[in-house]
Amino acid sequence: APGAREVIQDGKNGRLIKTESHADFISALNWFTQRTEKEHLALRACALTTAETFSLPRTADKALALYGALSGSGFTLNEAGYDTWHSMLGLIKAEWELIKGYAEAAVDAFSTESHDHTIR
């Protein structure tokens with residue numbers, strides 16, 4: 001998924017899939033099943049650290065700080081820039097839905113209980 005390669009460190013906080021094929025996805029899932037408990041805990045810790053780095057409060061704080069810096073500099077957003085931003089936001093939302101679907105599928109694949117594993 002575009003953007004994921006900038007966040008995921010293959011084998012450290014997740015897995016990167018080389019192609020969008022079922023075989024590569026299954027291979028990545030199998031890789032997880034072959035990890036030891038210690039490796040699972042390390043992956044989980046790194047994934048949580050990564051998630052915190054990109055959490056909504058942290059990214060909102062960064063955006064507000066940037067806005068504050070720009071608002072005092074006479075920066076103005078023209079309509080073309082706004083349209084570009086709006087388009088990009090739509091792409092980010094679509095990408096999130098894809099990632100969320102993959103994560104939910106992975107949770108369901110490894111879940112032996114019938115809990116709600118919805119990722120929000």
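The values are calculated or read from the model by the stated rules, or taken from the named source; none is laboratory data. Just so it is clear, the model here is predicted, and its values are computed rather than measured. When we count neighbours, we look across all protein chains shown, and the Cβ atoms used for this are built from the backbone with ideal geometry, even at glycine.
Is at least one residue of segment 41-50 under 26 Å from Glu97 (Cβ atoms) and either of a type in the set (Lys, Arg) or at pLDDT below 85 (or both)? Yes; the residues of segment 41-50 include at least one that is under 26 Å from Glu97 (Cβ atoms) and either of a type in the set (Lys, Arg) or at pLDDT below 85 (or both). Do we find that Asp61 is more than 16 Å from Ile99 (Cβ to Cβ) and surrounded by 10 or more Cβ atoms within 10 Å (Cβ to Cβ) in this structure? Judged against the criteria, Asp61 is a match.
So which residues in segment 31-41 are hydrophobic (A, V, I, L, M, F, W, C) and either in contact (Cβ under 8 Å) with a residue 60 or more places away in the chain or not in a helix (DSSP H, G or I) (or both)? Listed by number, the list holds a single entry, Phe32. Selection of segment 11-30 for residues being modelled with pLDDT of 90 or more and either charged (D, E, K, R) or in a helix (DSSP H, G or I) (or both) yields Lys12, Arg15, His22, Ala23, Asp24, Phe25, Ile26, Ser27, Ala28, Leu29, Asn30.
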